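To start, the structure under review is shown below, and the notes come after it.
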Amino acid sequence: MRKLISATAVTLVMVAAGPSLAQQSAAIANPANAYREVKDDNVMVPSLKRTVGQLDDMDVMGPDGTKVGEVEEVLMDASGQPVAVVVDVEHGVGIGDKEVIVGLDQLRDDGRSLTTALSNAQLGTLPIWDD
């Protein structure tokens, strides 16, 4: 019953947050417990053309170019494919200090850091990673 309520709550938040968040990967609509941390630093994350080890602690920049956080973990789905990262969101972003799950399709590699078009408000609505 709790999983049904959680899944419903995530869906409602995504619908209310607007089209850009609603376009986020279907993987993010799954409860956070559907993911596992990728333990092998040598695993390649094809969409970002970097290994898990290279992504660890990489800065994540918001749409205005300010740092919103950094990568703490790379997450895989049940099939073992990397699908998301855990971003430790900076306290100064205005949503509190927490770790949120960001789908890989919401990130771009600019060569020095990862960037996202998600606003601070949208980051605040993402599922929380609680390992």
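The values are calculated or read from the model by the stated rules, or taken from the named source; none is laboratory data. Bear in mind the structure is a predicted one, so any value in this text is a computation, not a measurement. FYI the Cβ positions are ideal-geometry reconstructions off the backbone, even for glycines, and counts take in every protein chain you see. When the accessible area is computed, the model is the full protein with side chains, heavy atoms only, and any ligands, DNA or RNA have been set aside. Shrake-Rupley method; radii C 1.70, N 1.55, O 1.52, S 1.80 Å.
The gain in end-to-end length when the THR66 to SER79 segment is fully stretched comes to 1.3 nm, 0.36 nm per residue minus the alpha carbon separation.
Summarising the label geometry, the points placed 7 Å from Cα in the beta-carbon direction at THR51 and ASP130 lie 3.4 nm from one another. When MET44, MET58 are compared by accessible area at a 1.4 angstrom probe, the order from most to least is MET44, MET58. Annotation: ASP57 carries an accessible surface of approximately 80 Å², with a 1.4 Å probe and no ligand, DNA or RNA atoms counted.
Dividing the radius of gyration of the alpha carbons in the stretch 60-120 by their Kirkwood radius gives 0.97 for Rg/Rh.
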